[in-house]
Structures are given as C-alpha cells and as structure tokens.
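Structure, as structure tokens:
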Amino acid sequence: MGGFAGTQGWMESMGVPGILLYPVVVLELLGGIAIILGFKTRLVALLLAGFCVLSALIFHGDQANDFNSFAKNIGLNN
C-alpha cells in the first residue's frame, strides 16, 4: 500500500468512502498552515483534534490490538 490510491483503497476496505481522502488532505494542510500562521489557532486545533479522535475511532476502534495502538497514540499526545 502506498501513495494516494493505496490510501483510498485502504479507507474503502475499512468502510469509509475513498473520496473523503480529498477533504482530509485539504483539512490537514490548511489546518496545519493556519496553526503555523496563528490564524484561529484554538478553533483549528480543536477541529484537528476532533478529526484525529474520530479517525482513530473509525480506523482503530474495532479490534483489541488496534485499540491498543489508538490508546498508545492518545497517550503520546498528552
């Protein structure tokens, strides 16, 4: 799995429409740029954090091993 097409395929295998990868890329790029520039930093950070939690629950919430990875990632961010 690699590149854009590989990521879309992986998303679809998890039950998420691959077309959603486009807005995800835009959100992550523009959100990161907004934080770097100091534009609406708290709001953007909150939106990105919500996105991270939502995506973690979708992609890591169904199996014990995946949930352990999710919990580890949350722990590393605190």
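Figure note: Ile74, Ile19 ranked by solvent-accessible area, largest first, 1.4 Å probe, ligands and nucleic acids not counted: Ile19, Ile74. For Lys72, the accessible area of its heavy atoms, probed at 1.4 Å with every protein chain present, is near 120 square angstrom.
The values are calculated or read from the model by the stated rules, or taken from the named source; none is laboratory data. These numbers were taken from a predicted model, which means no experiment stands behind them. All accessible areas refer to the heavy atoms of the entire protein, side chains included, with ligands and DNA or RNA removed. Shrake-Rupley method; radii C 1.70, N 1.55, O 1.52, S 1.80 Å.
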